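Scroll down for the structure; my scribbles are underneath it.
The values are calculated or read from the model by the stated rules, or taken from the named source; none is laboratory data. The structure displayed is predicted, hence computed values, not measured ones. In this analysis, Cβ positions are derived from the backbone assuming ideal geometry, glycine residues included, and neighbour counts consider all displayed protein chains. Side chains included, ligands, DNA and RNA excluded: accessible areas come from the protein's heavy atoms. Shrake-Rupley method; radii C 1.70, N 1.55, O 1.52, S 1.80 Å.
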Amino acid sequence: MKEICVLTATRAEYGLLKNVILKLREESALHVNVIVTGMHLEKEFGETYREIEEDGITIMAKIPIISKEDGAVGMSETMAEALVRFGHFFAENRQDMLVVLGDRYETMAVCIAAMNAQIPIAHIHGGEVTEGAIDDAIRHGITKMSFLHFTSTEVYRKRVIQLGEHPDRVFCVGALGVENILSQKLLEKSELEEAIQFSLGEKYCLVTFHPVTLEEGSGIKQINELLRAMDEMTEYRYLITKANADAGGRMINECLEKFAEKRRERIFLTESLGMIRYLSAMKYCSMVIGNSSSGILEAPTLGIPTVNIGDRQRGRVQAVSIVNCAPDTVAIKEAMKAVQTVEFRGKIAKDILLRKQLGAKPSESIVSLIKEYLIGEDGAEIDLKKKFYDIEFDI
């Protein structure tokens with residue numbers, strides 16, 4: 001039996017990985033080990049590991065790594081802690097493959113530890129571009145440490161190959177977030193309101209705003225611009241999920257807490273909604289606001305418009321349901337008004353980009369390919385001494 005380690009460090013990441021974990025559990029030749037770390041284990045970020053346990057998924061190990069510092073030093077301390085602790089974990093618990101998703105800095109540290117331990121890595125959602133965040137460089141760095149690659153679109157598959165990865169190991173499987181929307185039974189609006197104990201009213205917006213990590217010190221200014229816009233757009237209520245543990249995330253959360261405290265009739269603030277409640281909230285909202293990837297990936301599949309603020313997601317493939325605006329109160333208000341016009345609503349084509357890319361269920365494709373490489377005919381051919389795949393082109 002092959003030992004497959006699946007890493008999750010954040011609420012959003014687990015929501016995307018859940019179906020992969022469940023599919024891996026169905027394979028008798030594979031034994032899945034779910035390792036929980038990062039924000040999942042921190043009270044200030046909602047201790048979201050509890051959601052994993054509530055889903056009936058066994059957690060093999062909980063490895064705390066998050067620094068108490070809020071800044072670049074804190075991120076470096078977290079990465080250092082992850083490198084040391086996971087170095088020991090992999091030495092004591094031999095794994096046949098590590099499965100990771102995305103672009104988190106703590107994920108990169110874990111991948112370095114796995115690379116040092118000569119454990120092949122399977123990377124999901126590589127090849128994407130987010131020019132406003134350090135995630136961009138981290139994602140590509142994880143790509144170069146990985147053996148198998150599972151991208152959400154053909155555009156991203158080509159970019160992974162452009163990074164020197166052999167086409168035979170790069171697969172366009174579709175977006176896991178889209179699979180969640182199409183496969184999960186979401187709550188009715190009344191059920192969602194009962195679950196969160198908050199009345200969402202006739203119109204509400206779903207808001208998530210994270211630090212823009214390549215714009216040092218911009219977080220407080222930008223969140224205040226957004227909060228002013230929300231204060232002036234009084235026709236909406238707002239369901240807000242807190243920022244993540246990037247540099248500046250804690251300061252943003254402090255601003256959100258102060259803002260929400262004085263506006264409890266209009267504002268619901270939470271550390272995490274969990275996947276089902278989050279997607280349900282998205283389904284019934286007037287718009288998604290902020291700079292989360294969910295506004296780029298999931299919202300278009302539900303036909304929900306997105307007001308994407310600033311540069312954090314700049315470079316991603318985007319649907320017509322997304323309006324980009326500057327992190328400025330006036331610009332945010334104008335974008336919010338624009339996405340509610342009859343003209344704009346008429347332009348929104350459900351699934352315009354993402355569903356077309358879905359094809360077979362991504363989770364099934366990922367598990368099938370992992371199984372093929374580990375126990376199929378190709379099982380003996382995993383050679384970590386990768387050759388750089390050069391592309392001939394004129395510059």
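Please report the carbon-and-sulfur percent of the accessible area for region 50-122; probe 1.4 Å, protein heavy atoms only, DNA, RNA and ligands left out. Let's see the in-between values first.
Numbers: 1670 of 3230 Å².
Here it works out to 52 percent.
Between the helical axis of 249-261 and the dominant principal axis of the chain, each derived from Cα atoms, what acute angle in degrees is found, rounded to the nearest 10?
In the chain, helix 249-261 runs at an angle near 30 degrees to the longest axis.
Take peptides 106-117, 44-55, 335-346 and line them up by average Cβ neighbours within 10 Å, highest first, as a rough protection proxy.
Details: 106-117: 22.1, 44-55: 16.9, 335-346: 14.0.
Those peptides, ordered most packed to least, come out 106-117, 44-55, 335-346.
What are the aspartates and glutamates whose alpha-carbon lies under 15 Å from the alpha-carbon of residue 333, with same-chain residues fewer than 8 places away excluded?
Candidates past the 8-residue exclusion: 225, 231, 232, 235.
Exactly which GluC sites (Glu not before Pro) in region 1-31 are in a DSSP loop and have at most 14 other Cβ atoms within 10 Å? Don't jump to the answer; show the numbers that get you there.
On the way: sites: 3, 13, 26, 27; in loops: 26, 27.
Those satisfying the criteria are 26.
Taking a probe of 1.4 Å, how large is the accessible area per residue of the chain, in Å²? Provide the component values of the computation, followed by the final result.
Working: 16770 Å² over 395 residues.
Averaged over the residues of the chain, the accessible area is 42 Å².
With runs of 4+ DSSP H residues as the only contributors, calculate the mean residue ellipticity of the chain at 222 nm using -39,500 (n - 2.57) per run, divided by the residue total and rounded to the nearest 500. It would help to have the intermediate numbers written out before the result.
On the way: 16 runs with 166 residues, N = 395.
Per the formula, -12500 deg cm²/dmol.
So how tilted is helix 219-232 from the main axis of the chain? Cα-based, degrees 0 to 90, rounded to 10.
Its long axis makes an angle of about 40 degrees.
What is the angle, in °, between the Cα long axis of helix 135-145 and the longest principal axis of the Cα atoms in the chain? Nearest 10 is fine, range 0 to 90.
Result, in degrees: 10.
Tell me whether region 32-121 comes out rounded, prolate or oblate; compute the Cα gyration tensor, take square roots of the eigenvalues as a ≥ b ≥ c, and use a/c under 1.5 as the rounded threshold. All intermediate terms of the calculation are to be shown ahead of the outcome.
Numbers: a/c = 1.94, a/b = 1.07, b/c = 1.81.
Since a/c reaches 1.5 but b/c is at least a/b, the shape of region 32-121 is classed as oblate.
Between region 167-195 and region 13-52, what's the alpha-carbon centroid distance in Å?
Region 167-195 and region 13-52 have Cα centres separated by 15 Å.
Classify region 215-255 as rounded, prolate or oblate from the Cα gyration tensor: take a ≥ b ≥ c as the square roots of its eigenvalues, call it rounded if a/c is under 1.5, otherwise prolate when a/b beats b/c and oblate if not.
On the way: a/c = 3.41, a/b = 1.72, b/c = 1.98.
Oblate, because a/c is 1.5 or more while a/b does not exceed b/c.
Going Cα to Cα from residue 43, which lysines come in below 27 Å? Please leave out same-chain ones fewer than 8 positions away.
In chain and number order, the partners are 18, 62, 68, 221, 242, 258, 262.
Using a/c under 1.5 as the rounded threshold, could you call region 157-313 rounded, prolate or oblate? The axes a ≥ b ≥ c are square roots of the C-alpha gyration tensor eigenvalues, and prolate needs a/b larger than b/c, oblate otherwise. Let's see the in-between values first.
On the way: a/c = 2.34, a/b = 1.33, b/c = 1.77.
The shape class here is oblate.
What are the residues whose amide H is under 5 Å from the amide H of residue 308, where those residues sit 5 or more places off or on another chain and H is modelled from the backbone?
So residue 308 has HN proximity to 323, 324, 325.
Protein chains only, probe 1.4 Å: how do 158, 144 rank by accessible area, largest first? Please list the in-between numbers first.
Values: 158 125, 144 80 Å².
Ranked list, largest accessible area first: 158, 144.
Between residue 207 and residues 5 or more places away or on another chain, which pairs have amide H atoms under 5 Å apart, with H built 1.01 Å from N, and which residues are they?
Long-range HN contacts for residue 207: 239, 240, 241, 289.
Pick out, in residue order, every one of the GluC sites (Glu not before Pro) in region 122-220 that is DSSP loop and has at most 11 other C-beta atoms within 10 Å; say none if there are none. Mind dumping the intermediate values first?
Numbers: sites: 128, 131, 154, 165, 179, 188, 191, 193, 194, 202, 215, 216; in loops: 128, 131, 165, 188, 202, 215, 216.
Passing sites in region 122-220 are 188, 202.
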